[in-house]
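Enquirer: Here it is, the structure, as structure tokens.
The values are calculated or read from the model by the stated rules, or taken from the named source; none is laboratory data. Worth saying up front: this structure is predicted, and the values here are computed from it rather than measured. Here the Cβ positions follow ideal geometry from the backbone for every residue, glycine too, while neighbour counts run over all protein chains shown. With ligands, DNA and RNA removed, areas are computed over all heavy atoms of the protein, side chains included. Shrake-Rupley method; radii C 1.70, N 1.55, O 1.52, S 1.80 Å.
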Amino acid sequence: MKEMQRESQWPMVSVADAQAAIAALSATPLGSESIVTHHGAGRILAHTVHAHADIPAEPRATVDGYALRSSDGTTPRRVVAELTAGDGQQLELAPGTAVRIMTGAPLPMGADAAIMVERTHESAGMLTFTGTVRAGECVLPVASDMHRGELVIPAGAVLSAGDVGLLASMGIKHISVFRRPVVAVLSTGDEVYEYDEPIPFGGVRDANRHALLAAVQAAGCEGISLGIARDDEALQRMKIREGLMRADVLITSGGVSMGTRDFIKPLLAELGTVHFGRIAFKPGKPTMCASVGQHIMFGLPGNPVSSLVSFEVFVRPALRRLQGDPHPHRPQVQVTLADPITPSPDRPEYQRAIVSWQGGQLVASTTGAQGSSRLLSMRAANALLVIAPGDERLAVGSMVDALIVGEVR
Ligand code: AMP
Ligand code: MG
């Protein structure tokens, strides 16, 4: 029988050093692809877009009413035509005349203003109106929405619904965006079963692969499931190799601790170059990172909370960088504690919390017991409180740093 090892062979690195190593590994985006613009929301633009034309190309009416010459003053005008949006008519307006015009229709030549129908009266072909009319009134001037040559969207922008509209308004049907990383996820453990299998004595349902694949997808990547590997070294080696063939990034869960059947760390070391094998961090101390060529491998712990928090703090920024996001980290803000917190004595801890906007400040309530097996501590959590190690309890009202990882409600 194999003897138990008493001490980890992997030196402990700081969170900052682990993040720096991962940043170096993921510094270069994977490449780009062309997609149709209307599939662009959430994708990251790989090229800068400049306006290639003025929008609008001609002055347009911003109201339903009449186009006229302001220099004619308040005298009644003879109504000579009607222009509707899209009717394509190009008229010239003589002094003393007006045309009926609808919102979005180009102004006739010579007209410099429009007046809204509510201020007008038309009878026997003559137009009268209340008040005066200013040059430029109710007119959208040429290039007022966008100037030819203007920078519209920089490379690296995460495209919003508004951006998709902007690109469409410019007649851009195809865009170049960074490729989504393909991420393979493997669960390990003799005790781990599919959620629709019967669970024997001592078994647990596989939460991690499903949770990690969901997180991978939410990070903008394509996930591949490698299933569950029993704690068998040869089988796990085969699964890791399969992951490396099929994906840009490989994530495993479980099998990275000091147990006699924890094979992932020696396997990642055998198959690649190890960048670190332990992090001074809670929950998720045994997290490992290795690489082979351009492929990055993360060995995450088996406890469900540890694997998801480690994903958030270490893996997600790499996945965002690989798809060209110049801001791969979650926003970090200061929040006020609504519940007291006991720090870990020796490691920085990322505690799950619900942050909300209350009375002009961001207030954090805990999600309850922070055990690394208790997935309920992730329920509704939209923040990770970054708690420095220490032995002083943090009182209600203390300010702490928080990574905002979900919508603030
Ligand atoms: P390990 O990191 O393999 O030592 O596993 C640590 C703990 O997490 C053990 O209690 C495992 O049963 C549990 N665990 C491992 N993998 C999973 C998984 N995929 N889903 C849920 N729990 C797991
Ligand atoms: Mg295990």
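Enquirer: Can you compute the helix-only [θ] at 222 nm over the chain? Use -39500 (n - 2.57) per DSSP H run of at least 4 residues, normalise by all residues, nearest 500 deg cm²/dmol.
Expert: Value at 222 nm, helices only: -4500 deg cm²/dmol.
Enquirer: Taking K and R as +1 and D and E as -1, what net charge do the other residues with C-beta under 12 Å from the C-beta of Gly131 add up to?
Expert: Here the charged neighbours net out to 0.
Enquirer: Taking K and R as +1 and D and E as -1, what net charge do the other residues with C-beta under 10 Å from the C-beta of Thr120 add up to?
Expert: Every neighbour counted, the sum reads +1.
Enquirer: Can you give me the solvent accessible area of Met238 with a 1.4 Å probe, rounded to the nearest 10 Å²?
Expert: In the full protein context, Met238 sits at about 120 Å².
Enquirer: Report, in cubic angstrom per residue, the convex hull volume of the C-alpha atoms of the stretch 47-183.
Expert: 128
Enquirer: Right, something else. Could you tell me which chymotrypsin sites (Phe, Trp or Tyr not before Pro) in the stretch 112-213 are loop residues by DSSP with no more than 11 other beta carbons within 10 angstrom of their beta carbon?
Expert: Values: sites: Phe129, Phe178, Tyr193, Tyr195, Phe201; in loops: Tyr195, Phe201.
Of the chymotrypsin sites (Phe, Trp or Tyr not before Pro), the ones in loops of the stretch 112-213 whose Cβ has at most 11 other Cβ atoms within 10 Å are Tyr195, Phe201.
Enquirer: Once you have the Cα-Cα distance between Met126 and Thr74, take 0.36 nm times their residue separation minus that, and quote the gain in nm to one decimal.
Expert: Contour length minus the Cα-Cα distance gives 17.5 nm.
Enquirer: If I take all pairs of Cα atoms in the stretch 201-354, what percentage of them are more than 27 Å from each other?
Expert: The answer is 23 percent, as a whole percent.
Enquirer: Count of lysine pairs in the chain with Cα atoms under 20 Å apart, counting only pairs 8 or more residues apart in sequence or on different chains?
Expert: Taking the chain as the scope, the lysine pair count is 4.
Enquirer: Can I ask one more? Output wanted: per-residue J couplings in Hz (rounded whole) for the stretch 55-71, from phi through Karplus 6.51 cos²θ - 1.76 cosθ + 1.60, θ = phi - 60°, x for Gly and Pro.
Expert: After applying 6.51 cos²θ - 1.76 cosθ + 1.60, I find 10, x, 7, 9, x, 10, 6, 9, 9, 8, x, 9, 8, 8, 9, 5, 5 Hz.
Enquirer: Taking 0.36 nm per residue of sequence separation and subtracting the Cα-Cα distance, how much length would be gained by fully extending the chain between Ala94 and Ala24, in nm to one decimal?
Expert: Gain in length upon complete extension: 18.4 nm.
Enquirer: Oh, and also: Take peptides 382-394, 341-353 and line them up by average Cβ neighbours within 10 Å, highest first, as a rough protection proxy.
Expert: Values: 382-394: 16.4, 341-353: 19.3.
Descending mean neighbour count gives 341-353, 382-394.
Enquirer: Given the C-alpha atoms of the stretch 1-103, compute the convex hull and give its volume per residue in Å³.
Expert: Expressed per residue, the convex hull around the Cα atoms of the stretch 1-103 is 287 Å³.
Enquirer: Count the net charge of all other residues whose Cβ sits under 14 Å from the Cβ of Leu83, scoring Lys and Arg as +1 and Asp and Glu as -1.
Expert: -3
Enquirer: Determine the equivalent ellipsoid of the chain by diagonalising the alpha-carbon gyration tensor, then write out the semi-axes as square roots of 5 times the eigenvalues, largest first, rounded to whole Å.
Expert: Largest first, the chain gives 62, 25, 17 Å.
Enquirer: Further question: What's the FRET efficiency of Ala53 with Ala81 using the Cβ-Cβ distance as r and R₀ = 22 Å, to the nearest 0.05?
Expert: 0.20
Enquirer: Could you work out, for the stretch 188-227, what percent of all Cα-Cα pairs fall into each 10 Å distance bin, beginning at 0 Å and stopping at the bin that holds the largest distance?
Expert: 30, 44, 22, 4
Enquirer: Now a separate question. What whole-number volume per residue, in cubic angstrom, does the convex hull of the C-alpha atoms of the stretch 337-409 give?
Expert: About 80 Å³ per residue, rounded to a whole number.
Enquirer: What figure, in Å² to the nearest 10, do you get for the accessible area of Arg241 with a 1.4 Å probe and non-protein molecules left out?
Expert: Taking all protein chains as shown, Arg241 has close to 130 Å².
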